[in-house]
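Chemist: The following block contains the structure, expressed as structure tokens.
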Amino acid sequence: MLRTRVLTAVLAIPVVGICLWHGGILLQALIFAAAVIGLVEFARLLGPNAQYEYLFGAGLSFVLATYGELGDVKIAIWLFAQLLYFLVRNTFSTRKPLAAAENILGVLYVAVPLSFIWLVRSEFGLAWCVYGLMVTWATDTAAYFGGMSFGKTKLAPNISPKKSVEGAISGCIAGTACGGGFALWLGQPLGFALAVSLLLSIAGQLGDLCESALKREKSVKDSGAILPGHGGILDRVDSLAFVMPLLYIILSLMLIPAGP
């Protein structure tokens, strides 16, 4: 299992790295493909409650919208229009309200965070995008191995029995250290570098727990099997669902200039 997990990472990281470095159409294609697969996985989790026309119509059009430099106001209008359409449509539907909410969650959980990878890359540069991914991956990796080595105290046994407090702390330490060091290299003050890295590390673990809760509710172990040893696309972007939007907001509010 561990060998397969490492091999998949070794093969996937160069592909992701090349797309991030190049930006443009390569990164757009990667994000769009990940969104398609992620929405398929989410639809499978929902089973008969899935509304494919909404999931793919709203989800993929949002991804494409962010490529078009629409601006925050127009994107907000787009989201409101999609939500209004969905609510009106389901008002006259026989589906349960929870089923409708689950489909909205699919768009917010899959398409929106993936789009923020593009927004961070295009507006703040490659370095800040790498920073967000570095904090996320360092946190995930340290939490995994820290939990295996030291895990004794259950973090959220009703959601994910294998996750431990010790693993979460290990993840926070690694994410803060790696992210803090990288942010210092980008010229940020020590306090800002450490505080933001810790915040993103915690956010990433919350995203992971949210997906674990969804999978437990649907009684599945992994969202898919496209990434051997890792599961599906959702299993890899669950942390990014919280990290990348939060990073974009922080960079925007702090008026951080684009990095290298």
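Derivation of every value follows stated rules applied to the coordinates shown; laboratory data play no part. This is a predicted model, so every value here is computed, not measured. We place every Cβ from the backbone using ideal geometry, glycine too, and count neighbours over all the protein chains shown.
Chemist: Need one number: nm distance between label points at PHE145 and ALA213, each 7 Å from Cα along Cα→Cβ, rounded to one decimal.
Modeler: Between PHE145 and ALA213, the label points sit 3.0 nm apart.
Chemist: Using the basic label-point model (7 angstrom from Cα toward the beta carbon), what is the MET254 to LEU26 distance in nanometres?
Modeler: 2.8 nm
Chemist: Out of residues 5 or more away from SER164 or on other chains, whose amide H comes under 5 Å of its own, with H placed 1.01 Å from N in the peptide plane?
Modeler: For SER164, whose amide H was placed from the backbone, the distant partners under 5 Å are LEU155.
Chemist: Going by C-beta contacts inside 10 Å, put GLU211, GLU166 in order with the fewest on the left.
Modeler: Lowest count first: GLU166, GLU211.
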